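J.: Have a look at this one before I ask anything.
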Amino acid sequence: MTNMKFIFSSLLLMLLLSISSCELFDIDGGVEEEPKNDLKSLLSERTGYSLFNEALDKIGLEVGNRTIFVPRNAAFETYLNGRSLDDIDLTELEYLMNYHILFGQMTQQELPTGYSQTDAFYRYDDDGTLNRMDMYINTANNLAVNQKVKITLADIVVDDGVIHEVDQVITPPTTLELAAIHGLDSFVAAVDLLGLRPLISDSGPYSIYAPTNEAFQTVMAQKGWNSLADISGLESTIKYHIAENAIKLSDSPESFDAMNGGRIFIYGEGGIIDDNQNSCLFVDKNIQGGNGLLHTIDDILGVL
């Protein structure tokens, strides 16, 4: 009897091991697959992400090993403003969707403070040059993208990436908007005082060489100017810092015309000189906006 019990127990154990080591079958005889833990599956499964996922499908964009900023449907509908995804040109949609994506897998703690290059490219029609679009991430205090898009839910981590939920669709900023994001308040205020924002907010491309706030403060104190409106020849001065092209400093010509008709000379990647031999050093360079490039300088051009 003891041997029979032993044999029965052994057979039962083998049966249990066999069941545990085999795939489970559903009642129709099909294989019940293990749930996938990847970006595409997560985007497909979450109903609140359906518009974002539909947009990815429309442009045939594959995701993997990426960090993605995903607006929920309500935020996407606000952006669409009554349109459907079919109303958006596919090239424009591809540009927009890629601007929500960073290469690599970064949790909230791993996101860098400052500019990161997105998967979106800006194409310069004159020579076909492609530059990656920049996104500014502020990781201090309130986590935000481009200083206005809030991350409402961070660190949805899957095997091949990370999703951070955001409160709105992230539209690529113009070069002037990048100047505002960069904190160049004096330059942006001067542009708006002159009513130049519409002029430099179209498709461009433009290069902006924006003086830092400290540069404005120093020059204004030296000249005894109490406000931006006091700056002599303000419009010509501001237009000296704008060029109707987009010149990446690594391949800059020796000189080019500014919007005010003045000439700007570039010496390497170090700085620029105006017609009056005023020289400025670059502080930041080659920040790619939606209609051109932003550079920052440590002095004001065109001031005698």
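J.: Under 19 Å from residue 210 (Cβ atoms) and touching a strand residue (DSSP E or B) at 6+ places or on another chain (Cβ under 8 Å): which single residue out of 107, 129, 174, 152 fits that description?
T.: Exactly one residue qualifies, and that residue is 174.
J.: May I pose another question? Write out, first by first residue and then by second, each pair whose Cβ atoms fall under 6 Å of each other, whose residues are 6+ apart or on separate chains, and whose first residue, in segment 47-61, is open to solvent by 20 Å² or more (accessible area, probe 1.4 Å) while the second is of a type in the set (D, E, K, R).
T.: 59/94
J.: Identify all residues within segment 70-93 that are outside any helix (DSSP H, G or I) and in contact with a helix residue (DSSP H, G or I) (Cβ under 7 Å, 6 or more places away or on another chain); write none if there are none.
T.: Kept after step one, since they are outside any helix (DSSP H, G or I), are these residues of segment 70-93: 70-72, 81-84, 88-89.
Once the filter is applied, which keeps residues that are outside any helix (DSSP H, G or I) and in contact with a helix residue (DSSP H, G or I) (Cβ under 7 Å, 6 or more places away or on another chain), segment 70-93 yields 70, 71, 72.
J.: Additional query: If residue 233 meets every condition in (1) modelled with pLDDT of 95 or more; (2) more than 23 Å from the chain's Cα centre (by Cα) apart from one, which number is that one?
T.: (1)
J.: Could you check, for segment 94-105, whether at least one of its residues is in contact with a helix residue (DSSP H, G or I) (Cβ under 6 Å, 6 or more places away or on another chain) and more than 23 Å from residue 183 (Cα to Cα)?
T.: Keep residues of segment 94-105 that are in contact with a helix residue (DSSP H, G or I) (Cβ under 6 Å, 6 or more places away or on another chain), which gives 94, 97.
Now narrow it down to the ones that are more than 23 Å from residue 183 (Cα to Cα): 94, 97.
Checking segment 94-105: at least one residue is in contact with a helix residue (DSSP H, G or I) (Cβ under 6 Å, 6 or more places away or on another chain) and more than 23 Å from residue 183 (Cα to Cα).
J.: Here is a further query. Kindly provide the set of residues from segment 72-83 that are of a type outside the set (D, E, K, R) and farther than 24 Å from residue 42 by Cβ, ordered by number. Break it down stepwise before answering.
T.: Pass one, segment 72-83, residues of a type outside the set (D, E, K, R): 73-76, 78-82.
Of everything in segment 72-83, those that are of a type outside the set (D, E, K, R) and farther than 24 Å from residue 42 by Cβ turn out to be 81, 82.
J.: Let me ask you something else. Do you know which residues across segment 110-131 are at pLDDT 90 or above and buried (at least 16 other Cβ atoms within 10 Å of the Cβ)? Full working, then the answer.
T.: First, pick out the residues of segment 110-131 that are at pLDDT 90 or above: 110-121.
Matches in segment 110-131: 111, 115, 116, 118, 119, 120, 121.
J.: Can you tell me which residue is surrounded by the fewest Cβ atoms within 10 Å (Cβ to Cβ) among those in segment 266-295 that are of a type in the set (S, T, N, Q) and on the phi > 0 side of the Ramachandran plot? Full working, then the answer.
T.: Filtering segment 266-295 down to residues of a type in the set (S, T, N, Q) leaves 276-279, 286, 288, 291.
In the following step, the residues that additionally are on the phi > 0 side of the Ramachandran plot were identified as 277, 286.
Details: 277: 7, 286: 18.
Per the criteria, the residue is 277.
J.: Take residue 102 and decide whether it is touching an Asp or Glu at 6+ places or on another chain (Cβ under 9 Å) and assigned to a loop (DSSP other than H, G, I, E, B). Walk me through it before giving the result.
T.: On the way: touching an Asp or Glu at 6+ places or on another chain (Cβ under 9 Å): yes; assigned to a loop (DSSP other than H, G, I, E, B): no.
Judged against the criteria, residue 102 is not a match.
J.: Does residue 32 qualify as being at pLDDT 95 or above and open to solvent by 70 Å² or more (accessible area, probe 1.4 Å)?
T.: no
The values are calculated or read from the model by the stated rules, or taken from the named source; none is laboratory data. Model, not experiment: these values are computed from the prediction. In this analysis, Cβ positions are derived from the backbone assuming ideal geometry, glycine residues included, and neighbour counts consider all displayed protein chains. All accessible areas refer to the heavy atoms of the entire protein, side chains included, with ligands and DNA or RNA removed. Shrake-Rupley method; radii C 1.70, N 1.55, O 1.52, S 1.80 Å.
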